[in-house]
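Please read the structure below before turning to the comments.
Each reported figure results from applying straightforward, stated rules to the coordinates on display, with no laboratory input. Everything quoted here is computed from the prediction, not taken from an experiment. Neighbour counts are summed over all protein chains in view; Cβ atoms, including those assigned to glycine, are modelled from backbone coordinates with ideal geometry.
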Amino acid sequence: MAKVEVFLFGALSRVAGKKRVEVEAMDILEVLQALTDIREEFKSIIFDDHKNLRRFIYIYINGRDIRFLNKLKTYLNEGDIIQVIPAVSGG
């Protein structure tokens, strides 16, 4: 397990009531599970009905998009910086 900093943006920071949390996790999936432990509302924002990551949620580890790493199974190291960013749409 690694202690990491998670920066939340948009609706996620409003739901959490803060922009930064620290969690201990082995991979990105555990980070997201830790967030849902903090606030149940995160589940419906982060995951769809099939428990897949929603398409409009972007996650970066140390500035690198997890889609180009090992996705939710990307392993973490002590002190990693995670950013969870919901896409903003408009019209």
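So here's what we get for this one:
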| quantity | calculated |
| --- | --- |
| Entry for Cα Rg over 2.2 N^0.38 Å (calculated from the structure that is shown) out of (1) 1.12; (2) 1.00; (3) 1.06 | (2) |
| For the chain, the longest site-free run once chymotrypsin sites (Phe, Trp or Tyr not before Pro) in DSSP loop states with at most 16 other Cβ atoms within 10 Å are removed | 10-55 |
| Structure-based [θ]222 nm, the chain - -39500 (n - 2.57) summed over DSSP H runs of at least 4, per residue, nearest 500 | -6500 deg cm²/dmol |
| Low-density loop cleavage sites - GluC sites (Glu not before Pro) in the stretch 1-86, where at most 14 other Cβ are within 10 Å (DSSP) | 40, 78 |
| Estimated FRET transfer efficiency when R0 is 25 angstrom, pair residue 47-residue 18 (beta carbons, to 0.05) | 0.75 |
| Trypsin sites (Lys or Arg not before Pro) restricted to the chain and DSSP loop, no more than 14 other C-beta within 10 Å | 18, 19, 39, 51, 54, 55 |
| Using alpha-carbon coordinates, inclination of helix 28-38 to the longest axis of the chain, degrees | 60 |
| Electrostatic dipole magnitude of the chain [Cβ: Lys, Arg +1; Asp, Glu -1; Cα centre; debye, to 20] | 340 |
| Within straight-line cross-link reach of residue 71, lysines at Cα separation under 16 Å, skipping those fewer than 8 residues along the same chain | 51 |
